[in-house]
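Structure record follows, encoded as structure tokens.
Values quoted throughout were computed directly from the atomic coordinates according to the rules given, and no laboratory measurement underlies them. Here the structure is a predicted model, which is why all the values come from computation and not from measurement. Note: ideal-geometry Cβ built from the backbone for every residue, glycine included; neighbour counts use all protein chains shown.
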Amino acid sequence: MSMLTPPGMGGKYRITGDVYPRMRRPHRRRRIVLASVAGVVVLGAAGWGTLQLVDVFSGDGGTKTTAGKRADCKPAPKATAAPAAAFPKPAQITVNVYNATPRSGLAKTTADELKKRGFKIGKVGNAPTAYDKKVPGAGLLLGAPAATKGALPVLRTQLAGATTKTDTRGTADVDLIIGTAFKTLSPKATADAALVTLTKPAPAVKPCR
């Protein structure tokens, strides 16, 4: 009888060869697989929750913020420039030039320069008593109320620092009253640039994206 023959078998059953059956419990492998899958699921859920907390505390806003911006934005059909205001050209403006300072000759030299820049010149002389030596700044631009949206802004491009005032006149001409702080008109290049800025179209409205 072989030593591998189980007791009581009487030698009827023999185990031969060098491969022996494994005596492992059948359910152990299944439990290991299930435990591994459960661990992966738990780790995945924890990672997803962490990302959500990072998004909240970073102030990113996510889809809600984007949706809010889109709701506030009013899309335009086309990015077109708004038309410019209908300002008159210098050749359409008649300017009366008055000197309110003690210095002589300022009215004539200023009127001559404005004429070179395309303006029409009306009256030239000393300022009326109401303004004589009473204009402390560079100058005062005076005209009818309607001129505040036309001739006066155009004339103001020629003299930086000038103030604007309206009166009850019924004519379209405007006055340039030279003040005590006046030195000279704005350089022509500067005045031309200011005039272009005044009369150019408004910036285009960009559509929402």
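Annotations for the structure displayed:
- Amide hydrogen neighbours beyond the local backbone of Gly139, cut-off 5 Å, H modeled: Thr163, Gly179
- The lysine pair tally for region 102-209, using Cα distances under 22 Å and a gap of 8 or more places or different chains, is 29.
- Each residue of region 182-191 is assigned a 3J(HN,Hα), and the resulting list reads 5, 10, 6, 5, 4, x, 4, 4, 5, 5 Hz, derived from the Karplus form 6.51 cos²θ - 1.76 cosθ + 1.60 (θ = phi - 60°), x at Gly and Pro.
- In this structure the amide hydrogen of Ser186, modeled in the peptide plane, comes within under 5 Å of the amide hydrogens of Leu159, Ala160, none closer than 5 places in sequence on its chain.
- Charge context of Gln92, other residues only, Cβ under 15 angstrom, K/R +1, D/E -1: +4
- Percent antiparallel among DSSP beta bridges (both partners in region 122-209, rounded to 5): 50 percent
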